1. Please sort by residue number the trypsin sites (Lys or Arg not before Pro) in the range 35-91 whose DSSP state is loop and whose Cβ has at most 13 other Cβ atoms within 10 Å.
2. Listed here are the pairs 131/258; 80/258; 55/131; which of them are more than 22 Å apart at the Cα?
3. When only the heavy atoms of the protein chains count and the probe is 1.4 Å, how do 209, 138, 113 rank by accessible area, highest first?
4. I'd like the accessible area for residue 220, computed on protein heavy atoms only with a 1.4 Å probe and all protein chains in place. Round to 10 Å², please.
5. Given the Cα-Cα distance of residue 38 and residue 51 and 0.36 nm per residue of separation, how much length would full extension add, in nm?
6. With n ≥ 4 as the cut-off for DSSP H runs, can you work out [θ] at 222 nm for the chain, using -39500 (n - 2.57) per run divided by the number of residues, rounded to the nearest 500?
7. Round to the nearest 10 and report in Å² the accessible area of residue 145, as given by a 1.4 Å probe over the protein chains' heavy atoms.
8. In the set (i) 20.1, 64; (ii) 21.1, 64; (iii) 24.9, 83, which value of Rg and Dmax of the Cα atoms in Å was calculated from the structure you see?
Amino acid sequence: MDPVLFDISIIIIIAATIGIIAKFLRQPAILAYIIGGIIIGPFGLKLIHDIDFVKNIGELGIALLLFVVGLELSVERLKKVGGSASLIGLGEVGLVTGIGFLVSRFFGFSTIESLYLGLILAFSSTLVVIKMLSDSRELDTLHGRIMLGILLVQDVIVIIALTLLLNTDVSAMSFAKLGLMGISLVLTALLSAKYILPLFFKKVAESQELLFMFALAWCFVFSGAAAYLGFSIAIGAFIAGVALANFPYNIEIIGRVK
């Protein structure tokens, strides 16, 4: 059997098996998948041969998940929780990073090591939280939207922090450039969805297959653009989804992507 097919087969078999066990134990499916990954991964039984391929497939899955989340949340809904999510997100990252830094310094780590550890403690897994909210159907609730906003704030802070920590030549200009690129990506998506897509979206929607392919193409265009600008592909996919959220075809696209 081809190594790639073997890897995919092992992943699906183990995930399904442990997922069933988790269901009987009334545990979240995402927990089962994480345990399954540990068992078959490089720190477990080492059953997977092409780790890079699996990581790339995982990135694709995360992008599609965030694309669906974006399709379920319109700009208007995000505006209502944007201020609260930003304040809570910044406060949480600052507080936890500070505590982690001080504790790490107390145990003898260097300044830069302590800063890394503090940041690691402050950040949550966007994938895990969104998957749990989606499974419990709480993504469109008030607290679900606030949690999503906090996660997006954390993702932006990660990009800024990595730029600062991995670059010795960091200036206010580089941060301003990063911010402008992010704003440009969002504005491009929203303005295109408002003024350009309606011109031919109705024609595209006459074919369900073409509508689905067009939606995926839209997702990958902004995922690729985000990656090119230094952001994660998940953020690009989420922006692409939000831009399409107000179209009447979003429910059909969500069903097909899922």
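The values are calculated or read from the model by the stated rules, or taken from the named source; none is laboratory data. These figures come from a predicted structure and were not determined experimentally. Ideal geometry is used to build each Cβ from the backbone, glycine not excepted, and the neighbour counts take in all protein chains shown. Just so you know, the surface numbers come from the protein's heavy atoms only, side chains and all, with ligands and any DNA or RNA stripped out. Shrake-Rupley method; radii C 1.70, N 1.55, O 1.52, S 1.80 Å.
1. Qualifying residues, ordered by number: 46.
2. Values: 131/258 12 Å; 80/258 26 Å; 55/131 18 Å.
Over 22 Å apart, Cα to Cα: 80/258.
3. 209, 113, 138
4. Result for residue 220: roughly 90 Å² accessible.
5. 3.4 nm
6. Details: 12 runs with 204 residues, N = 258.
My calculation for the chain gives -26500 deg cm²/dmol from helical runs alone.
7. 30 Å²
8. (i)
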